[in-house]
Amino acid sequence: MEYILQNGLVMDPKSNLEKKLDIHIQKGKIKNMAPHLEEPGVEVIDLENKIVAPGFIDMHVHLREPGGEANETILTGCRAAAAGGFTAVAAMPNTNPCADQEGVVELVKARAQRAGLSRVWPIGAISKGQKGEEIAETGTLYKAGIVAISDDGNPVTNSEVMRRALEYSKIFDIPVISHSEDLKLSAGGLMHEGYWSTVLGLKGIPPEAEEIMEARDILLAKLTGGRLHLAHVSTAGSVELLKFAKAQGIKVTAEATPHHLLLTDEEVQGYNTSTKVNPPLRSIEHVKALRKAVKEGLIQCLVTDHAPWAEELKDQEFAKAPNGISGLETAVPICWDTLVVKENLSPMDLIAKFTVGPAEILQQPKGMLAVGEEADITVIDPHLRKQVKAANFYSKGKNSPVDGRTFQGWPVLTIVAGKIIMKDGEVKEGNQ
Amino acid sequence: MGIKEKDLITMGQLSKEQIEEILSTAKEMKNIIKRDIKKIPTLRGKVVVNLFYEPSTRTRTSFELAGKYMSADVINISTSASSVVKGESLRDTGYTLQSMGADIVVIRHSMAGAPQLLGNYLNARVINAGDGFHEHPTQALLDMLTIKEQLGSFAGLKVAIIGDILHSRVARSNLSGLTKMGADVWLCGPPTLVPPGIETLGGKVTYNMDEALQDADVVMMLRIQLERQKAGLFPSLKEYSQLYGLTQEKIKLASKNSLILHPGPMNRGIEIAGNTADSSQSHIREQVTNGVAIRMALLYLMLGQQKGE
């Protein structure tokens, strides 16, 4: 496959390149990047008024397979990723069985390979069975191909175990991703604690349930020198803790989700279970603090926390429905509309949070555009306004709190190693 | 006027005028309950289904009698003896009842939001008979009827709601309804049982029972559940009773002709002393009668008026 991406505005945060260039792709790699490339007989794709960026990376998704195939499979999850403009996703280990054994990591990699769409980077469990009692065989998992460890969904309650995980992970220089939650403080909680939890009669989760664990993990990162990555930070206090940690030179990075940047706890009104997520949608002061932290660069990475659920699981009483949002197919437009269009974040800065940001955290040689490198490319139409139709998602999970809303700025082309896997919202079929 | 919205879920959805209409309709209905032959044909051919996911004596019986006094066919479903134990979803249970011809489904559920969810699925009308810690609008209406009968109006009344505010749907519905009608509502309980942000809903919060009782016109005591102590929200029933229990001594702080209310079931000797519950100021039994009247009024306004409009 050989073609030229023509007339697009190329933006590469890593090399700080912003220029109208043509990109010649051949044998899966970027052969050349220059103005006005012409090769006789080579197909041309016109990208006038579009932005050509390095392939977007989502370092926090749940693909559910093995064990949760009713909610998503690696194939359907990869289709959703392709549709959403992602060329690579990092898959959380909380499957059944969980990725605390190399066999599960191998399975995820093999099925992703077979799907032939976006790249899937497995994340291994921190502890055996994600029970938080004994650390898993990180070395074996690393050899099998994991890019990070996490017990996502479960916090590591035992401080000693977390300390050992942060220490041991230093052998492989991989980040320990913390799902920060004090389970006693959040027990029974269904939404953010505040005005709306009182009005709706739903048990609240105070921001401190998140912040207490983040504070502990930051201190443990200081103690151990391990690399800590805070998953889905959602509170103003988390931002303050992050500032503290960075000022101390502690190795801490953090991510935020589109839903925490766009939506407040008021959305829970009406008991729409698509708004039920952990950490919960917060009140406006937290949302504002989070947006500011993203703009100021304190949060260097945006992730979906894609958590698809079968309809019958979400279509029940609020208290019974599981936590999670199907986010892969709306992340880019939500962030573009919220941060670039409305909050004046530069397109370059936003792109960095989906490319070089996560690539650096996971130490993957991706998230950049350079001659000779594999052609992983995401093209954005910054002017395209489109309505979200969750029923048409490629993901099995239609649980979207933004169903029916219109956003500006959509991915229109996803390319992995030169192969076009999505064009104009249409996914090029993966292999069964 | 009637109830315009299909479902009755919260007190917040009712206007002042609608509340007045429900209360005056209930007053007329009360005359029927006091008759020797308690039957009028108004709802003949209408089907009322009581769908109760939680145990209940007075609310369920009250809806049942309200329907029967007006000649509706009333079916009771308690979920412990139904397809729910076989894992049937709320949605499917609702559709099943609707397919059999239910005109109105009265639902009690331990989870907030369940009545609204059911209402979204069904064409049949839905009445919230209490959902989790959210709302219990028919209880608030019967409390308001009791207050109105005794004190004439709501404007300027000091109403003290005392006890476990956090877990109380009764408190939320009363706060919403009473403040709308111009009453001054005080909420009192230990800080561990007062939800965050409740002041923004219009109530005044105090942790001091004496302050809540001072010159109160209405004292509404809430039931305390033993399981709240087990969850560590207060240290013991004895201490709770000392700090927040209503006694003959404490009621003296309230205005001379104050009313004592309790939604039931009561824990005698814990949140309310036995002799206080039985005193002349107590209107707890009248509340029960008014509960039937309010539910008759609602069934009438939601089912009986449809054709004429």
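Quick look at the values:
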quantity: Considering residues of the stretch B:66-117 that are in contact with an Asp or Glu (Cβ under 7 Å, 6 or more places away or on another chain) and more than 14 Å from chain A (Cβ to nearest Cβ) only, the residue least open to solvent (accessible area, probe 1.4 Å); calculated: B:Val74
quantity: Boolean, A:Glu266 is free of Cβ contacts under 8 Å to residues at least 12 places away in the same chain and either more than 21 Å from the chain's Cα centre (by Cα) or more than 27 Å from B:Ala112 (Cα to Cα) (or both); calculated: no
quantity: The stretch B:223-252 - residue that is within 22 Å of the chain's Cα centre (by Cα) and within 14 Å of chain A (Cβ to nearest Cβ) and, of those, surrounded by the most Cβ atoms within 10 Å (Cβ to Cβ); calculated: B:Arg228
quantity: Odd one out for A:Ser238, checked against (1) crowded, with 24+ Cβ neighbours inside 10 Å; (2) without any contact (Cβ under 8 Å) to a residue 60 or more places away in the chain; (3) farther than 26 Å from A:Ala90 by Cα; calculated: (3)
quantity: Single residue of the stretch A:303-315 satisfying the filter (open to solvent by 40 Å² or more (accessible area, probe 1.4 Å) and farther than 13 Å from A:Val277 by Cβ) that is nearest to the other protein chains (Cβ to nearest Cβ); calculated: A:Glu312
quantity: Matching helices (runs of 4 or more DSSP H) fully within the stretch B:232-309 where at least 2 residues are without any contact (Cβ under 8 Å) to a residue 12 or more places away in the chain, farther than 30 Å from B:Thr25 by Cα and out of contact with any Ser or Thr (no Cβ under 8 Å at 6 or more places or on another chain); calculated: B:237-244
quantity: All positions within the stretch B:204-221 that are open to solvent by less than 10 Å² (accessible area, probe 1.4 Å), in contact with a helix residue (DSSP H, G or I) (Cβ under 7 Å, 6 or more places away or on another chain) and not in a strand (DSSP E or B); calculated: B:Met209, B:Leu213
quantity: Any pair with Cβ under 8 angstrom, 6 or more apart, that starts in the stretch A:79-101 at a residue that is assigned to a strand (DSSP E or B) and ends at one that is surrounded by 24 or more Cβ atoms within 10 Å (Cβ to Cβ) and among the acidic types (Asp, Glu); calculated: A:Phe86/A:Asp58; A:Thr87/A:Asp376; A:Ala88/A:Asp58; A:Ala88/A:Asp376; A:Val89/A:Asp58; A:Ala90/A:Asp58
quantity: Residue in the stretch A:215-228 that is in contact with a Cys (Cβ under 9 Å, 6 or more places away or on another chain) and either within 14 Å of another protein chain (Cβ to nearest Cβ) or assigned to a strand (DSSP E or B) (or both) present; calculated: no
quantity: Inter-residue pairs, beta-carbon under 8 Å, first more than 15 Å from A:Ser274 (Cβ to Cβ) and outside the structural domain of A:Thr304 (by TED's automatic domain parsing) and in the stretch A:381-403, second part of a strand (DSSP E or B) and among the β-branched types (Val, Ile, Thr), 6+ apart; calculated: A:Asp381/A:Ile51; A:Asp381/A:Val412; A:Pro382/A:Ile51; A:Leu384/A:Val412; A:Arg385/A:Thr406; A:Lys386/A:Thr406; A:Gln387/A:Thr406; A:Tyr394/A:Val427
quantity: Unmet criterion (only one of (1) surrounded by 24 or more Cβ atoms within 10 Å (Cβ to Cβ); (2) outside any loop (DSSP other than H, G, I, E, B)) for A:Leu75; calculated: (1)
quantity: Any hit, the stretch A:320-335, residues being touching a residue at least 40 places away in the same chain (Cβ under 8 Å), under 25 Å from B:Asp131 (Cβ atoms) and open to solvent by 20 Å² or more (accessible area, probe 1.4 Å); calculated: yes
quantity: Answer residue from the stretch A:259-279, given it is within 12 Å of chain B (Cβ to nearest Cβ) and β-branched (Val, Ile, Thr) and is surrounded by the most Cβ atoms within 10 Å (Cβ to Cβ) among those; calculated: A:Val268
quantity: Residues satisfying the stated conditions in the stretch B:29-65, i.e. open to solvent by 70 Å² or more (accessible area, probe 1.4 Å) and without any contact (Cβ under 8 Å) to a residue 60 or more places away in the chain; calculated: B:Asn31, B:Lys34, B:Arg35, B:Asp36, B:Ile37, B:Lys38, B:Lys39, B:Pro41, B:Arg44, B:Pro55
quantity: Where B:Glu17 falls short, out of the listed (1) under 15 Å from B:Met181 (Cβ atoms); (2) among the charged types (D, E, K, R); (3) surrounded by 16 or more Cβ atoms within 10 Å (Cβ to Cβ); calculated: (3)
quantity: Residue within the stretch A:338-355 that is open to solvent by 10 Å² or more (accessible area, probe 1.4 Å), assigned to a helix (DSSP H, G or I) and charged (D, E, K, R) present; calculated: yes
quantity: The stretch A:210-226 residues that are farther than 14 Å from A:Val161 by Cβ, paired with ones that are aliphatic (A, V, I, L, M) and surrounded by fewer than 19 Cβ atoms within 10 Å (Cβ to Cβ) (beta carbon under 8 Å, 6 or more apart); calculated: A:Ile212/A:Leu185
quantity: Single residue of A:Thr224, A:Thr138, A:Thr157 found to be touching an Asp or Glu at 6+ places or on another chain (Cβ under 7 Å) and of a type in the set (Ser, Thr, Tyr); calculated: A:Thr224
quantity: Candidates B:Lys27, B:Lys6 - the one that is within 21 Å of the chain's Cα centre (by Cα) and either in a helix (DSSP H, G or I) or farther than 16 Å from B:Gly304 by Cβ (or both); calculated: B:Lys27
quantity: Evaluation of A:Ala370 against (1) buried (at least 18 other Cβ atoms within 10 Å of the Cβ); (2) not in a strand (DSSP E or B) (one fails), failing number; calculated: (1)
quantity: Condition met for A:Asp381 (buried (at least 23 other Cβ atoms within 10 Å of the Cβ) and closer than 30 Å to A:Trp309 by Cβ); calculated: no
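The rows are residues; the columns are (1) within 22 Å of B:Ser56 (Cα to Cα); (2) in contact with a Phe, Trp or Tyr (Cβ under 7 Å, 6 or more places away or on another chain); (3) within 14 Å of chain A (Cβ to nearest Cβ); (4) of a type outside the set (A, V, I, L, M).
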| position | (1), (2), (3), (4) |
| --- | --- |
| B:Arg125 | yes, no, no, yes |
| B:Leu157 | no, no, no, no |
| B:Asp164 | yes, no, yes, yes |
| B:Val194 | no, no, yes, no |
| B:Gly197 | no, yes, yes, yes |
| B:Leu201 | no, no, yes, no |
| B:Thr206 | no, yes, no, yes |
| B:Asp217 | no, no, no, yes |
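The values are calculated or read from the model by the stated rules, or taken from the named source; none is laboratory data. Computed from a predicted model, the values in this text were never measured in an experiment. No Cβ is skipped: glycine too gets one built from the backbone with ideal geometry, and neighbour counts run over all protein chains shown. Ligands, DNA and RNA are excluded from the accessible area calculation, which covers all protein heavy atoms including side chains. Shrake-Rupley method; radii C 1.70, N 1.55, O 1.52, S 1.80 Å.
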